[in-house]
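Inspection log for the structure reproduced underneath, given as structure tokens.
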Amino acid sequence: MPCHASYLLLLLVVLLAPLPFGSVEALWVTAWCVLLAVSVGLFDVRHIRSSELRPLRPFLAVGTLFLGVAAAQALLPPWPMAWWTGGAPPTGAFPRPSAAAGNVSTPWLSLGPALAGLMSFIASYVVSTDPGRAERLLKVIGLSGAAYAAYGIASLLIDPSSILWAEKTAYVGYLTGTFINRNTAATYFGSCAILWLS
């Protein structure tokens, strides 16, 4: 049962992540990271050979490194300006750090998209150790990409100045689907097309 719930959570994230304007806001990135972490946590890895899990070690190490750097940036006092160029100015007093240096949430917000990508890779890899689930996952990604592309084409023809329920402020007249940026949309639709063809 936990494996089934893990798989359904992964499918939910795959299906819904492009919907809220490409999930670029911190709220959505956090939600997807939590759901993916729960998906990985629920998956029973006892039936997977250790040799199949070994390729995940570098990705887990990179994720741990990212978390460590973000924690250090958030918890440690800000470094004095230009400490690497020779230390303090002649008066012996370091200049005051900028207000932005004291923003504790900045490292975590910057880490969010990378962590979401890493978590989606790990969840997909673990779930896809079963060939049937791997094939269904690829089909779901391909079908959701096709559905978002169809919506994007329809919305471009009907009302090219809006995205979902909001007014489009950039890339008016370009196919963006539910994404804000046309390059992100092109990357998503192109990736889905490659998965669909494969």
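Note on H47: accessible area approximately 110 square angstrom, rounded to 10, probe 1.4 Å, nucleic acids and ligands left out.
Amide H to amide H, with H built 1.01 Å from N, I163 comes under 5 Å of K168, counting only residues 5 or more places away or on other chains. The ratio of the alpha-carbon radius of gyration of segment 158-198 to the globular-protein estimate 2.2 N^0.38 Å is 1.28.
For Y171, the accessible area of its heavy atoms, probed at 1.4 Å with every protein chain present, is near 70 square angstrom. Volume of the convex hull of segment 8-68 (Cα atoms only), normalised per residue: 107 Å³. Over what distance in Å are the Cα centres of segment 1-61 and segment 108-178 separated? Segment 1-61 and segment 108-178 have Cα centres spaced 15 Å from each other.
The values are calculated or read from the model by the stated rules, or taken from the named source; none is laboratory data. Bear in mind the structure is a predicted one, so any value in this text is a computation, not a measurement. These accessible areas exclude ligands, DNA and RNA; they are computed on the full protein's heavy atoms, side chains included. Shrake-Rupley method; radii C 1.70, N 1.55, O 1.52, S 1.80 Å.
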